[in-house]
1. Once Rh for the stretch 33-175 is found with the Kirkwood sum over Cα pairs, what is the Stokes-Einstein diffusion coefficient at 4 °C and 1.567 mPa s, in µm²/s?
2. Mind listing the Cα extents of the stretch 91-187 along all three principal axes, in Å, largest one first?
3. Answer rounded, prolate or oblate for the stretch 47-122, using the Cα gyration tensor with square roots of eigenvalues a ≥ b ≥ c: rounded when a/c is under 1.5, else prolate when a/b is larger than b/c, else oblate.
4. Where the centre of each part is set by its Cα atoms, how far does the stretch 32-48 sit from the stretch 106-127, in angstrom?
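No lab work stands behind these numbers, since they all come straight from the coordinates. Keep in mind that what you see is a predicted model, and the values were worked out from it rather than measured.
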């Protein structure tokens, strides 16, 4: 894309992959994929500020938002939620303890800003899945959009741990000058 050429999309092609048998192998496969995504985004981030093809800038901006802004917002949102649940449980036994992240009349603007940001994150997530589904004929349906919304609150929350582990691993690879691109073969059923 940097040279102005486009990559052809074979919309009717399908790939089959056998999922790993053990949860440990599945986790490390997804970790390797997440690390690779972060490494690609970091390597191409410089093209946002250079004179380069607009498609490269758009794609780099899109993936930067997806892998950094979106993931950071999910982690922050979950941290606030878990803190409130924890303080609420303590508040049941000790009414003197206040729930830290509550919104009243004095800070309604912050509540609106956070709610708007949260809605943007959900829309971005659904948009990602819808764009990917649109490349497959007949997959971008209303049912898929509702499934994408449901997966935001369930399936995607499970990958927060993978994402945090990947970010820490990529950062440590850079700081300690380690080669983080070492290939680890995923164990399969027949291996």
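1. Stokes-Einstein gives a translational diffusion coefficient of 73 µm²/s.
2. Extents along the principal axes, in whole Å: 54, 46, 27.
3. Prolate.
4. Centre-to-centre distance over Cα atoms comes out at 26 Å.
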